[in-house]
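Below are the structure tokens for one structure; questions will follow.
The values are calculated or read from the model by the stated rules, or taken from the named source; none is laboratory data. Source: prediction; values computed, not measured. When we count neighbours, we look across all protein chains shown, and the Cβ atoms used for this are built from the backbone with ideal geometry, even at glycine. Side chains included, ligands, DNA and RNA excluded: accessible areas come from the protein's heavy atoms. Shrake-Rupley method; radii C 1.70, N 1.55, O 1.52, S 1.80 Å.
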Amino acid sequence: MIIAPSLLAADFGRFAEEARRAERSGAEWLHLDIMDGHFVPNISFGPAVVQSLRPLSRMFFDVHLMCSRPEILLESFAKAGADCITIHVELGDQVSSLLWKIKSMGKKAGLAVNPPTAISMAKPYLSQVDLLLVMTVNPGFGGQSFIEESLPKVQQAEVWRRQKNLKYRLEVDGGINFVTAAECARAGADTFVSGTGLFGQRNMKAAVRKMRSIVTAQSADRVK
Ligand code: DX5
Ligand code: ZN
């Protein structure tokens, strides 16, 4: 089980301290939301921020590109220190070549599926990905409510993973708190992005510990 606090919910005036806070919390991954003001109606931060955090942190940098033209950004994020780069299946024709490009730079490749998009859209790419991200809110903003209709998509992605004997991580992102994380773990998720649910807590370490123990218990129940 991997817990990935999302820096989008951090204090933007104190990225360095916030990244250290995430690392001290015991979470393994730092989720970095990149928004271009076009694919989603918001702008976050770019490769320079990722690059400046890289020497301060040993966490796995999970870069989520919510961008219409990721091809012009992949190299910058790879050089900035991303460990995994996730693009969106909604980009259509370009998906396969983008995934290939990410892998060719020596990075893990992720594929994200928005709430209105059928999970079947991701099926042709499953053998190419290290991570499948089922969005559980419409991307663009932190602090939104979890969309329950996403759960069958997580279940389907887990069934495919088992049937095809694939190893991709199954990540959920958006509205993840202790309750919704448990629901997602029961459905088969193993990687939990949470912005306001973790950065919003005064004691992030306790929150990470609690989320981890909840999802671990749920997934143990699921395999029984
Ligand atoms: C949504 C982003 C999420 C966001 C989640 O557009 O992709 O990663 O940071 O924030 P919360 O956990 O607050 O819903
Ligand atoms: Zn995200």
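For residues that are more than 16 Å from ligand 2 (Cβ to nearest atom) and either open to solvent by 10 Å² or more (accessible area, probe 1.4 Å) or of a type in the set (Ser, Thr, Tyr) (or both), tally how many sit in the stretch 69-80.
Looking only at that region, the number is 7.
In addition: I'm trying to understand the selection: among the residues of the stretch 147-164, which are within 16 Å of ligand 2 (Cβ to nearest atom) and surrounded by fewer than 20 Cβ atoms within 10 Å (Cβ to Cβ)?
Result: Ile147, single match.
Could you identify the single residue in Pro139, Pro152 that is assigned to a loop (DSSP other than H, G, I, E, B) and at pLDDT 95 or above?
Being assigned to a loop (DSSP other than H, G, I, E, B) and at pLDDT 95 or above holds for just one of Pro139, Pro152, which is Pro139.
Looking at (1) open to solvent by less than 10 Å² (accessible area, probe 1.4 Å); (2) within 17 Å of Trp29 (Cβ to Cβ), which is the one condition that is false for Arg209?
Tallying (1) open to solvent by less than 10 Å² (accessible area, probe 1.4 Å); (2) within 17 Å of Trp29 (Cβ to Cβ), Arg209 fails exactly one: (1).
Checking Thr117 against (1) part of a strand (DSSP E or B); (2) β-branched (Val, Ile, Thr); (3) farther than 28 Å from Leu53 by Cβ, which single condition isn't satisfied?
Of everything listed in (1) part of a strand (DSSP E or B); (2) β-branched (Val, Ile, Thr); (3) farther than 28 Å from Leu53 by Cβ, Thr117 misses just condition (1).
Of everything in the stretch 11-32, what is touching an Asp or Glu at 6+ places or on another chain (Cβ under 7 Å) and either open to solvent by less than 10 Å² (accessible area, probe 1.4 Å) or outside any loop (DSSP other than H, G, I, E, B) (or both)? Give them in sequence order.
Glu18, Trp29, Leu30, His31, Leu32
Looking for something closer than 25 Å to Gln156 by Cβ and assigned to a loop (DSSP other than H, G, I, E, B) - is there at least one such residue anywhere in the stretch 205-223?
no
Mind listing just one residue for me: the one in the stretch 165-199 that is surrounded by 24 or more Cβ atoms within 10 Å (Cβ to Cβ) and of a type in the set (Phe, Trp, Tyr) and, of those, nearest to ligand 2 (Cβ to nearest atom)?
By that ranking, first place goes to Phe192.
Applying the selection to the stretch 33-61, what residues are out of contact with any helix residue (DSSP H, G or I) (no Cβ under 8 Å at 6 or more places or on another chain), part of a loop (DSSP other than H, G, I, E, B) and farther than 17 Å from Leu73 by Cβ?
If the condition is that a residue be out of contact with any helix residue (DSSP H, G or I) (no Cβ under 8 Å at 6 or more places or on another chain), part of a loop (DSSP other than H, G, I, E, B) and farther than 17 Å from Leu73 by Cβ, then Pro41 is the only one that fits.
A further question on this structure: Of Gly106, Gly110, which residue is outside any helix (DSSP H, G or I), over 17 Å from Ala187 (Cβ atoms) and more than 16 Å from ligand 2 (Cβ to nearest atom)?
Just one listed residue meets the conditions, Gly106.
Write out, first by first residue and then by second, each pair whose Cβ atoms fall under 6 Å of each other, whose residues are 6+ apart or on separate chains, and whose first residue, in the stretch 7-24, is away from ligand 1 (no atom under 14 Å from the Cβ) while the second is not in a helix (DSSP H, G or I).
Ala19/Ser57; Glu23/Ser57; Glu23/Met59
Considering every residue within the stretch 120-139, establish whether at least one is away from ligand 2 (no atom under 14 Å from the Cβ), buried (at least 16 other Cβ atoms within 10 Å of the Cβ) and within 15 Å of the chain's Cα centre (by Cα).
Yes, the stretch 120-139 has at least one match.
Would you check if there is a residue in the stretch 54-61 being buried (at least 21 other Cβ atoms within 10 Å of the Cβ) and within 13 Å of ligand 2 (Cβ to nearest atom)?
The answer is yes, given that some residue of the stretch 54-61 is buried (at least 21 other Cβ atoms within 10 Å of the Cβ) and within 13 Å of ligand 2 (Cβ to nearest atom).
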